[in-house]
Amino acid sequence: MTPKHEKQEFVTVLVRDPRTQKEDSWHSYIDYEIFIHTNSMCFTRKTSCVRRRFREFVWLRQRLQSNAVLIQLPELPSKTPFFNMNNPHHVDHRRQGLQEFLEKILQNALLLSDSRLHLFLQTQLSPEDMEACVCGQTKYSVADAIHKFASLNRRFPIEDEEGKKGKNDADSDSESSSSGLGPSDDSISCGCKANPASEES
């Protein structure tokens, strides 16, 4: 007999806490915290927390689209030249758009089977390293990368902290990846060219 109440799978994703990161003395960008809580069998870790910038979302969408040609992917919030990193409304509008994008992506079983999505959501690897990992050109597997990251970063923020954080943040989307891992074995960059030129919209 099967129980009347079968445990329903869920994936909760939150995009929050936008922060301005300085790239050099001239360039800054905003990254966003992606918090995942799930009981889905598709995920290696049931809880994770990483930071990603807008250009990495652009890369993810392009890669997912090229691997699932017949699926119409949801749009990212539009990249506008009028985006102002000091305007809290602009920043929050983009944050909401990124969250809606991920919520829709995570409802699609075919997209959920793409390893790039899991590396994007549960490690801090750069797009180049994610691509190399998926292509089998790193000494760690996708699961290894996710487990390694989880053991390095145990910061799983409490929901109440959300309000205390970043109101004045923004994004010039200049070059470089937001790697929070610092030096680690997971930073090996080799392999399938990730086509850096196409990372920006």
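No value in this document is a laboratory result; all are computed from the given coordinates. Predicted, not measured: the structure shown is a model, and the values here were computed from it.
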From largest to smallest, what semi-axes in whole angstrom does the range 1-125 give when each is the square root of 5 times an eigenvalue of its alpha carbon gyration tensor?
-> 29, 16, 14
Length gained if GLU75 through HIS147 is fully extended, taking 0.36 nm per residue and subtracting the Cα-Cα distance, is 22.9 nm
For the table LYS22/LYS79; LYS7/LYS79; LYS7/LYS104; LYS22/LYS104; LYS46/LYS104; LYS46/LYS79, the rows whose alpha-carbon distance is greater than 29 Å are LYS7/LYS79; LYS22/LYS104; LYS46/LYS79
Volume per residue, Å³, of the convex hull around the alpha-carbon atoms of the range 51-162?
-> 129 Å³
